[in-house]
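Trainee: Shown below is the structure under consideration.
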Amino acid sequence: MSTLQFHDLTVKDIRQETADCVSIAFDVPEAIKSAFDYLPGQYLTFKTFIEGNEVRRSYSICSGKSDRELRVAVKRVMPQGKFSSWANEVLKVGDTVSTMPPMGKFTPKKSEKTQRNYLAFAAGSGITPIMSIMKAVLHEEEESTFTLVFGNYNRNSIIFKEELEALKNRFMHRLRLFHVFDREMQEAELFNGMITVDKVKTFGQKLINFNTIDDIFICGPEPMILALKDYFLNELKKPEDSVYFELFSSPDQPKTLNKDWEAKQQQVDRSKLSKVTVRLDGASFDMDLAYGGENILDAALQHGGDLPYACKGGVCCTCKAKLISGEVDMEVNYGLEPDEIANNFILTCQAHPRSETVVIDFDTK
């Protein structure tokens with residue numbers, strides 16, 4: 001059976017982190033506490049109704065186990081951010097929000113090595129999952145170190161500014177924190193501008209010995225993530241399982257044109273129909289879907305299916321399902337691991353049928 005069920009959580013605290021970002025803590029009832037036990041770096045998916053329309057979004061958990069609370073941060077995305085604007089302007093203490101249990105793989109892998117060196121690059125709200133990971137490392141791995149390079153517009157836009165300083169003061173021998181601003185000048189040129197590969201190389205030459213780093217976490221704008229990931233994997237030859245990245249996406253964002261996908265589409269008979277069978281929570285339904293039509297998730301939602309989803313951008317994996325039979329093509333895949341692809345898992349928000357029949361199952365894990 002699917003575990004992707006929504007639960008009503010009550011807002012117990014809202015903290016203004018910056019002018020356009022709030023962090024929200026939730027009360028988790030005792031009966032479902034185990035379902036909301038999270039790993040550092042995971043996220044929550046929320047569902048609400050805004051102006052009569054259902055809106056779902058995922059936000060990273062920023063709390064650590066040492067905080068003894070469940071808290072996320074929501075930065076207002078202007079002008080199109082429906083949920084983020086609602087969370088910043090309308091949501092109040094005492095309100096309830098439909099919430100899925102924690103998900104996500106942007107979390108450190110367990111290791112027998114007790115002394116590890118972690119490095120993170122974050123920009124803007126990309127700090128939210130990094131914050132949870134950093135707290136876990138500092139509080140639970142007494143011999144490990146953590147280095148954070150954090151990019152923002154200026155000092156006033158730093159999310160968790162006071163909390164970061166408190167952590168730096170408490171763990172001064174194990175935490176190194178470097179702020180990079182692109183709209184406020186600092187004395188050292190290295191700390192001005194955006195976090196680019198060239199800047200990261202300079203950090204490696206002057207301040208950080210990349211050879212001693214065990215795990216690298218990257219979270220922020222997509223161009224930064226992909227550039228840094230490529231640098232560490234392909235130029236520095238870091239092991240693939242030591243470089244973690246988390247992309248943020250929402251249905252509000254304009255869809256990026258995938259040229260490879262567009263080229264493949266030219267080879268497809270878009271008028272062909274496929275009979276698609278969807279299994280969820282022990283039940284199933286069928287629908288006819290054109291090869292060149294909507295993705296499986298959107299088509300199923302229009303057929304009345306209550307399928308799990310959040311970002312619709314191929315990132316969060318909330319809509320992941322097992323391909324039991326048939327063939328599909330995916331537009332993009334940012335979330336599935338190679339072993340998941342090998343085991344026939346697909347992202348239904350990106351999948352289009354490519355055979356006469358397709359059977360997918362949300363209950364198989």
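Derivation of every value follows stated rules applied to the coordinates shown; laboratory data play no part. Model, not experiment: these values are computed from the prediction. Here Cβ is always computed from backbone atoms with ideal geometry, including for glycine, and neighbour counts include all displayed protein chains.
Trainee: Give me the base-10 log of I(q)/I(0) for the chain at each q in 0.11, 0.13 Å⁻¹, Debye formula, one uniform scatterer per Cα, rounded to two decimals.
Mentor: With one equal scatterer per Cα and no solvent, log10 I(q)/I(0) is -0.81, -1.11.
Trainee: Which value, to two decimals, describes the C-alpha radius of gyration of region 32-80 once divided by 2.2 N^0.38 Å?
Mentor: Working it through for region 32-80, the quotient is 1.35.
Trainee: Right, next: How long is the gain from Asp288 to Ala35 if the chain were fully straight, where each residue apart is worth 0.36 nm and the alpha carbon distance is subtracted?
Mentor: 87.5 nm
Trainee: What does region 259-361 give for Rg and for Dmax, in Å, if only its C-alpha atoms count?
Mentor: Final numbers for Rg and Dmax: 12.6, 38 Å.
Trainee: Taking 7 Å along the Cα-to-C-beta vector as the label spot, tell me the Glu89-Thr277 distance in nanometres, rounded to one decimal.
Mentor: So the label points at Glu89 and Thr277 sit 4.8 nm apart.
Trainee: Of the GluC sites (Glu not before Pro) in region 163-212, which ones lie in a loop per DSSP and count no more than 13 other C-beta atoms within 10 Å?
Mentor: Glu187
Trainee: Can I ask one more? Could you calculate the contour length gain from Asp329 to Asp8, that is, 0.36 nm times the residue separation minus the distance between their Cα atoms, to one decimal place in nm?
Mentor: Gain on stretching Asp329 to Asp8: 112.0 nm.
Trainee: Now a separate question. In what order do Arg270, Arg354 fall by count of nearby beta-carbon atoms within 10 Å, going from fewest to most?
Mentor: Taking fewest neighbouring Cβ atoms as first place, the list is Arg270, Arg354.
Trainee: Just how far, in whole angstrom, is region 151-174 from region 1-37 if you go by their alpha carbon centroids?
Mentor: 24 Å
Trainee: Determine the sum of side-chain charges near Ser60: Lys and Arg each +1, Asp and Glu each -1, restricted to other residues whose C-beta is under 12 angstrom from that of Ser60. Let's see the in-between values first.
Mentor: On the way: positive: Arg57, Arg71, Lys75; negative: Glu246.
That sum, taken over residues with Cβ under 12 Å, equals +2.
Trainee: When Lys and Arg each count +1 and Asp and Glu each count -1, what net charge do the other residues less than 11 Å away from Leu175, Cβ to Cβ, add up to?
Mentor: That sum, taken over residues with Cβ under 11 Å, equals +4.
Trainee: Give the long-range amide H neighbours of Ala290: residues separated by 5 or more places, or on another chain, with amide H under 5 Å away, using H modelled in the peptide plane at 1.01 Å from N.
Mentor: It is Ser274, by chain and number.
Trainee: Tell me, how many Å apart are the Cα centres for region 198-220 and for region 271-321?
Mentor: After rounding, the separation between the Cα centres reads 41 Å.
Trainee: Let me ask you something else. Mind jotting down the distance between the C-alpha centroids of region 66-87 and region 91-123, whole Å?
Mentor: So the two Cα centres are separated by 15 Å.
Trainee: Now a separate question. Highest first, please rank the peptides 135-147, 276-288 by the mean number of other Cβ atoms sitting within 10 Å of their residues.
Mentor: 135-147, 276-288
Trainee: What are the residues whose amide H is under 5 Å from the amide H of Arg174, where those residues sit 5 or more places off or on another chain and H is modelled from the backbone?
Mentor: Distant-sequence amide H within range of Arg174: zero hits.
Trainee: Taking Cα pairs under 8 Å and at least six residues apart, what relative contact order does the chain come out at, in percent?
Mentor: Reported relative contact order: 14 percent.
Trainee: For region 117-246, what is the convex hull volume of its Cα atoms per residue in Å³?
Mentor: 104 Å³
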